[in-house]
1. I'd like to verify a number: residues in region 22-68 that are more than 14 Å from the ligand (Cβ to nearest atom) and open to solvent by 50 Å² or more (accessible area, probe 1.4 Å), how many?
2. Only one of these conditions is not met by G71: (1) away from the ligand (no atom under 12 Å from the Cβ); (2) at pLDDT 95 or above; (3) in contact with a helix residue (DSSP H, G or I) (Cβ under 9 Å, 6 or more places away or on another chain). Which number is it?
3. Name the single residue that is surrounded by the fewest Cβ atoms within 10 Å (Cβ to Cβ) among those in region 69-104 being closer than 25 Å to S5 by Cα and of a type in the set (K, R).
4. Scanning region 5-51 for residues that are more than 24 Å from D98 (Cβ to Cβ) and among the small types (G, A, S), which turns out nearest to the chain's Cα centre (by Cα)?
Amino acid sequence: MKNPSQPSVLFVCLGNICRSPMAEGALRELAQKHELALTVDSAGTGDWHIGSPPDARAIAQAAANGVDLSGLTGRQVAKGDFHQFDIIVAMDDDNFRDLKTMRPSDSRAKLLLAFDCVAGRSGESVTDPYFGAASGFQQTWEDVTEIAHALVKRLMK
Ligand code: 4NP
């Protein structure tokens, strides 16, 4: 449940086992470093990985950067999230479109596409690493870290 006294960010990808939990971990870590009180969560548009931990490659990549994702479990995004979170960040165009479709008309959440908050990179997505080589997870980590930095900067203003 969101703490109403602090800003909240939800990351959404397809499976909630690769990109969005990595983004969740990266932002939570960075917010802590900056002593920024923030609620951070992640979810998937799909339902295949409800209750599952993140992909082992995502856990390993985050761990290599000092972030522990092993306790996270997958969940599916729900309409109620649009009332719980201030900012919802879709990882790619498909996720963005799905979220726009399910968004309740009275939601006040700000819906962003992945890099929209990064100066000069608005409209760019985070590529899905799931079906690719393990090296793709390094790129994902770099992407979500850049997004996390931009969000912290925005929220600390
Ligand atoms: P994610 O990656 O959306 O970044 O979590 C995926 C994970 C699983 C599947 C697709 C994408 N899947 O088809 O099971």
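1. 13
2. Result: G71 passes all but (3).
3. Here the residue is K79.
4. A31
For every residue, the table says whether it meets (1) in a helix (DSSP H, G or I); (2) modelled with pLDDT of 95 or more; (3) among the aliphatic types (A, V, I, L, M); (4) within 16 Å of the ligand (Cβ to nearest atom).
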site	(1), (2), (3), (4)
S107	no, yes, no, no
R121	no, yes, no, no
E124	no, yes, no, yes
W141	yes, yes, no, yes
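The values are calculated or read from the model by the stated rules, or taken from the named source; none is laboratory data. Note that the structure is a prediction, hence the values are computed from the model and not measured. Using ideal geometry, Cβ is built from the backbone for each residue, glycine included, and neighbour counts are taken over all protein chains shown. Please note that ligands, DNA and RNA were not included when accessible areas were found on the heavy atoms of the full protein model with its side chains. Shrake-Rupley method; radii C 1.70, N 1.55, O 1.52, S 1.80 Å.
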